[in-house]
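Undergrad: Pasting in a structure now, in structure tokens, and then I'll have a few things to ask.
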Amino acid sequence: MSETERQNLPHLTVAVVIEREGRYLMVEERGADGATVFNQPAGHVESGETLIESALRETLEETAWEVELEAMLGIYTYSTATTCYQRVCFAAAPIGQTTAPLDPAIVAAHWLSREQIQSSALRSPLVMQAIDDFEAGERTPLSVVKTSP
């Protein structure tokens with residue numbers, strides 16, 4: 001496989017939808033172009049990490065919140081001109097906020113209403129799609145996420 005082919009492989013990412021009292025835990029972050037955008041807690045799966053471990057880690061790093069994953073919402077594909085992302089999205093319940101420092105790319109974490117999210121600049125169309133699926137009751141048991149012993 002050439003270096004170009006390797007660079008064009010899909011990027012495996014996770015995202016977490018966390019709702020509390022009609023508001024969603026969102027991250028305000030700087031995009032690649034420096035503009036501020038909103039996203040669910042999300043990021044790349046690291047080597048040796050399970051999908052669930054990655055989702056919990058990314059949420060803590062980007063929001064300082066510990067959460068309990070409840071279900072998988074779906075697997076989403078998003079492509080830009082240069083990159084294809086495979087995003088495994090989970091639904092979670094908030095457990096509690098910690099004093100963990102936020103990832104340097106994160107401006108702040110916010111609890112936002114659907115209307116506030118819709119009127120904001122979003123990282124990708126997957127942000128609202130995941131919220132729509134969450135509100136529609138889409139849920140797949142976490143037991144479908146398998147890890148080899």
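Undergrad: Among the residues of segment 71-79, is any outside any loop (DSSP other than H, G, I, E, B), farther than 14 Å from Thr13 by Cβ, in contact (Cβ under 8 Å) with a residue 12 or more places away in the chain and not aliphatic (A, V, I, L, M)?
TA: No, segment 71-79 contains no residue that is outside any loop (DSSP other than H, G, I, E, B), farther than 14 Å from Thr13 by Cβ, in contact (Cβ under 8 Å) with a residue 12 or more places away in the chain and not aliphatic (A, V, I, L, M).
Undergrad: Just the residues that are small (Gly, Ala, Ser) and under 20 Å from Glu49 (Cβ atoms), please, taken from segment 135-149.
TA: Once the filter is applied, which keeps residues that are small (Gly, Ala, Ser) and under 20 Å from Glu49 (Cβ atoms), segment 135-149 yields Ser143, Ser148.
Undergrad: When the residues of segment 22-47 are narrowed to those that are in contact (Cβ under 8 Å) with a residue 24 or more places away in the chain and open to solvent by 50 Å² or more (accessible area, probe 1.4 Å), which ends up nearest to Phe134 (Cα to Cα)?
TA: Filtering first and then ranking leaves Arg23.
Undergrad: Determine whether segment 99-106 contains at least one residue that is in a loop (DSSP other than H, G, I, E, B), among the polar types (S, T, N, Q), touching a residue at least 60 places away in the same chain (Cβ under 8 Å) and more than 21 Å from Val45 (Cβ to Cβ).
TA: The answer is no; no qualifying residue exists.
Undergrad: What's the number of the condition Tyr78 fails, among (1) under 20 Å from Glu135 (Cβ atoms); (2) in contact with a helix residue (DSSP H, G or I) (Cβ under 8 Å, 6 or more places away or on another chain); (3) modelled with pLDDT of 95 or more?
TA: (3)
Undergrad: Is segment 5-13 home to any residue that is of a type in the set (Asp, Glu) and open to solvent by less than 80 Å² (accessible area, probe 1.4 Å)?
TA: Looking for residues that are of a type in the set (Asp, Glu) and open to solvent by less than 80 Å² (accessible area, probe 1.4 Å), one finds none in segment 5-13, hence no.
Undergrad: I've got another one for you. Would you tally the residues in segment 79-104 being within 17 Å of Ser54 (Cα to Cα) and open to solvent by less than 60 Å² (accessible area, probe 1.4 Å)?
TA: Of the residues in that region, 11 qualify.
Undergrad: Take His110 and tell me if it is open to solvent by 40 Å² or more (accessible area, probe 1.4 Å), modelled with pLDDT of 95 or more, over 23 Å from Pro10 (Cα atoms) and of a type outside the set (Phe, Trp, Tyr). First the steps, then the outcome.
TA: Values: open to solvent by 40 Å² or more (accessible area, probe 1.4 Å): yes; modelled with pLDDT of 95 or more: yes; over 23 Å from Pro10 (Cα atoms): yes; of a type outside the set (Phe, Trp, Tyr): yes.
Yes; evaluated as a whole, the condition is true for this residue.
Undergrad: For segment 122-137, name all the residues that are over 16 Å from the mean Cα position of the chain (by Cα) and either open to solvent by less than 70 Å² (accessible area, probe 1.4 Å) or in contact (Cβ under 8 Å) with a residue 40 or more places away in the chain (or both).
TA: Within segment 122-137, just Gly137 meets the criteria.
Undergrad: Then there is this: Across segment 58-72, which residue is most open to solvent (accessible area, probe 1.4 Å) among those that are within 11 Å of the chain's Cα centre (by Cα) and closer than 18 Å to Leu142 by Cα?
TA: Here the residue is Glu58.
The values are calculated or read from the model by the stated rules, or taken from the named source; none is laboratory data. Please read these numbers as outputs of a predicted model, since none were measured by experiment. With ideal geometry, Cβ positions are generated from the backbone for all residues, glycine too; neighbour counts draw on all protein chains shown. Ligands, DNA and RNA are excluded from the accessible area calculation, which covers all protein heavy atoms including side chains. Shrake-Rupley method; radii C 1.70, N 1.55, O 1.52, S 1.80 Å.
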